[in-house]
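**Student:** Before anything else, here's the structure in question.
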Amino acid sequence: MKSCSLSLPTPDNKLIYRGRLAPSPTGFLHLGHAKTFYTAYQRALEHNGTLLYRNEDLDFQRCKEVFIQAAEEDLHWLGIHWQPPVLSQSKRLPLYRQYLEQLKSKAAIYPCTCSRKEIALAAIAPHDENSEPIYPGFCRKRKLESIPHNQRFVWRFRVPDGEAIHFTDGRLGKQTYIAGKDFGDFIIWRHDDIPSYQLAVVVDDALTGVNEVVRGEDLLLSTARQLLLYRALGLTPPNFYHTPLLRDSAGHRLAKRSDSLSLRTLRSQGFSPEDVLKMVFSPNNPSSG
Ligand code: GLU
């Protein structure tokens, strides 16, 4: 088995810490975001580094101006500060397209016409709540010329089946995921002609010099996917620090967009930023760490 080689800075290196906050403005921020983003802020402070802010607004159907403004306001209210300017992914489409072209020229991706239903029927069931079905590979040999003019398709990244992807997480330690088993060929460019989260996030983190990504544990598999993209594009990956997910007392993951847990609602009910931080970092929260 081959391994993904990473350039991890040693503890005594002189690298200036550069982190980022990357909310998707598809809803109001909730307690889970408060935990991840506050951790990102704390880590930037501890390392005497900088923190960037990126608005991940590529999903034009779901992103709304009201959520963009609310996210910045809620995070400031919580006491989080970042270095301007705020970057918006919707303004960077030509840049992502250049990287799409690079992947095409390296034959690292292929056009795929499978519908979600076709995939769901044939795919191997995911292992857990955070996984998606493994793409069964029907279009792996497909060429662009073979696709009828009016047919919708996505671009998929061909993962090296059986390869172990290793990385050392800042909190969880050594992580290993097997391509083709833990995750399959993933979408790089969507049928509505916008880049996928995986491509945009890699291009942006690399080009803005981010050297530590703090994100929720639900994105561990995405980190493994993204390491393959860094390699395919010849870009240097950052370090990663995955935060624990917030769970209720029964151990269930808190619903992502539950309004009752939005920072907006809590603010309107009179909770202070300190109350919110106590809630998310309290040792009584089974997932705190
Ligand atoms: N916009 C993504 C989210 O809110 C960011 C994930 C990441 O940190 O890469 O889930």
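**Student:** How far is the Cα center of region 51-83 from the Cα center of region 91-113, in Å?
**Tutor:** Between the Cα centre of region 51-83 and that of region 91-113, the gap is 27 Å.
**Student:** Calculated from DSSP H runs of 4 or more alone, at -39500 (n - 2.57) each and per residue, what is the 222 nm mean residue ellipticity of the chain, nearest 500?
**Tutor:** Values: 8 runs with 89 residues, N = 289.
Estimated from H runs of four or more residues: -9500 deg cm²/dmol.
**Student:** I need the P(r) histogram for region 32-156: all alpha carbon pairs, bin width 5 Å from 0 out to the longest distance, whole percents.
**Tutor:** Going out from 0 Å in 5 Å bins, region 32-156 shows 2, 8, 12, 13, 14, 14, 13, 11, 8, 3, 1 percent.
**Student:** May I pose another question? Got a sec to turn the phi values of region 30-44 into Karplus ³J(HN,Hα) couplings, 6.51 cos²θ - 1.76 cosθ + 1.60 with θ = phi - 60°, whole Hz, x for Gly and Pro?
**Tutor:** Running phi through 6.51 cos²θ - 1.76 cosθ + 1.60 with θ = phi - 60° gives 10, 4, x, 5, 4, 5, 5, 6, 5, 5, 4, 5, 4, 5, 5 Hz.
**Student:** Mind ordering 38-46, 239-247 by average Cβ neighbours within 10 Å, highest first? Could you put the intermediate results ahead of the total?
**Tutor:** Working: 38-46: 18.4, 239-247: 20.2.
Going from most to least packed, we get 239-247, 38-46.
**Student:** If you restrict to DSSP beta bridges whose two residues both lie in the chain, what percentage is antiparallel, to the nearest 5?
**Tutor:** On the way: 17 of 31 bridges.
Taking every DSSP beta bridge within the chain, about 55 percent pair in antiparallel fashion.
**Student:** What list of ³J(HN,Hα) couplings, whole Hz, do you get for region 155-172 from phi and the Karplus terms 6.51, -1.76, 1.60, once you set θ to phi - 60° and write x for glycine and proline?
**Tutor:** Values per residue, Gly and Pro as x: 9, 10, 8, 7, 7, x, 3, x, 6, 8, 9, 10, 7, 9, 7, x, 10, 9 Hz.
**Student:** On average over all directions, what projected area in square nanometres does the chain have, based on the convex hull of its Cα atoms? Kindly include the intermediate steps, with their values, before the conclusion.
**Tutor:** On the way: hull surface 64.9 nm².
The orientation-averaged projected area of the Cα hull of the chain comes to 16.2 nm².
**Student:** With respect to the cross-link table entries Lys117/Lys141; Lys181/Lys278; Lys117/Lys143; Lys91/Lys141, which display a Cα-Cα separation exceeding 29 Å? Display every interim value, and only then the final one.
**Tutor:** Values: Lys117/Lys141 20 Å; Lys181/Lys278 39 Å; Lys117/Lys143 22 Å; Lys91/Lys141 33 Å.
Table pairs above 29 Å Cα-Cα are Lys181/Lys278; Lys91/Lys141.
**Student:** Given region 160-235, what percent of its DSSP beta bridges are antiparallel, to the nearest 5? The partial results should precede the final answer.
**Tutor:** Numbers: 7 of 8 bridges.
Antiparallel bridges: around 90 percent, rounded to the nearest 5.
**Student:** Which far-off residues, 5 or more places away or on another chain, put their amide H under 5 Å from the one on Asn55, with H placed in the peptide plane?
**Tutor:** Counting only residues 5 or more places away or on other chains, the set is Leu87, Ser88, Gln89.
**Student:** Please list the non-local residues whose amide H lies under 5 Å from the amide H of Thr50, H modeled 1.01 Å from N, same-chain partners needing a gap of 5 or more.
**Tutor:** Tyr17, Arg18, Gly19
**Student:** Additional query: Report, by chain and number, residues whose modeled amide H sits under 5 Å from the one on Gly180, excluding near sequence neighbours (fewer than 5 apart, same chain).
**Tutor:** Gly162
**Student:** Round to the nearest 10 and give me the degree value, 0 to 90, for the angle of helix 65-77's Cα axis relative to the longest principal axis of the chain.
**Tutor:** The two axes meet at around 40 degrees.
**Student:** Taking every DSSP beta bridge that has both residues in region 12-155, what percent is antiparallel when rounded to the nearest 5?
**Tutor:** Working: 3 of 9 bridges.
In region 12-155, DSSP labels about 35 percent of beta bridges as antiparallel.
Any read-out appearing in this document is the output of simple, stated calculations on the displayed coordinates, not a laboratory observation. Owing to the predicted nature of the structure, the values given are computational and were not obtained by experimental measurement. Cβ: placed from backbone, ideal geometry, glycine included. Neighbour counts: every protein chain shown.
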